[in-house]
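Report on one structure; see the data block that follows.
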Amino acid sequence: MNKRIILTTLFLSILTILLTGCVFPTSASIKPSPLYGQEVLKIKDLNFIGSKDTNVALVGSVLTSIEVENHPILMVSATNNSENPIEFSTMNIRASYGNRSINIYTEDEFSEYLEWEKHGEIRSSSSNISMSPANRYLSIASYLSGTAVIADRYNKLQNAILRNRVIEPGETYGGLIMLQKLQHNDIGNPLILRLLIGSEVHEIRFSILKDA
């Protein structure tokens, strides 16, 4: 395997570990659909597509399956093998479901979404606190422990969001991005991402197939 791909793979392995424990609903599968010359890499049971020219792009879906009206979340990274620094952020990425262009959330919007999800999960866990005097202490202790676990998981996700960054020659940088919600009419169309890395455009495709 190309050394540049290996370096990018190691970086994304770290991000994949951060997502352990996240549970998402299902109704459609998201599968790699590599173009000619691209590689499919398996990292922690998730599939990534590697695209290489002078620079390298690597993209994988955090969700192997997703419900309609939910947001696809992807890991993206760029390796700068040029001689000049490259600025990289969500502004360098375009996405579409087939011919329908879709929004990529900014880092601030994604961060706010995760905060909302975190507080919703914490509120849900608080409803399980027992009101009986005999069980209340243990129930509260369990709630506080669970709250700490939830907060830690979402903090790790926050830290993994793709931020605006200058990638120096020889460096790899990447993170998580969140896309516009999947609609019923999008199933069956490819999810297409185009990453601008320096002067290169790397096109990455995933199939969105209805679950049996």
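The values are calculated or read from the model by the stated rules, or taken from the named source; none is laboratory data. None of these values were measured; they are calculated from a predicted model. Heads up, the Cβs are rebuilt from the backbone with ideal geometry, glycines too, and the neighbour counts pull from every protein chain shown.
Table for the structure above
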| read-out | value |
| --- | --- |
| Number of positions in the range 54-87 that are over 16 Å from the mean Cα position of the chain (by Cα) and surrounded by 15 or more Cβ atoms within 10 Å (Cβ to Cβ) | 8 |
| Restricting the range 24-50 to residues that are modelled with pLDDT of 90 or more and not in a strand (DSSP E or B), the residue that is nearest to Thr172 (Cα to Cα) | Gln38 |
| The range 103-142: number of residues that are at pLDDT below 75 and charged (D, E, K, R) | 2 |
| Subset of the range 51-77 (residues that are more than 12 Å from Ile177 (Cβ to Cβ), of a type in the set (Val, Ile, Thr) and in a strand (DSSP E or B)) | Val56, Ile66 |
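Residues are listed down the side, and each one gets a yes or a no for (1) farther than 29 Å from Ala28 by Cα; (2) at pLDDT 90 or above:
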| site | (1), (2) |
| --- | --- |
| Leu144 | yes, no |
| Thr147 | yes, no |
| Asn164 | yes, yes |
| Gln180 | no, yes |
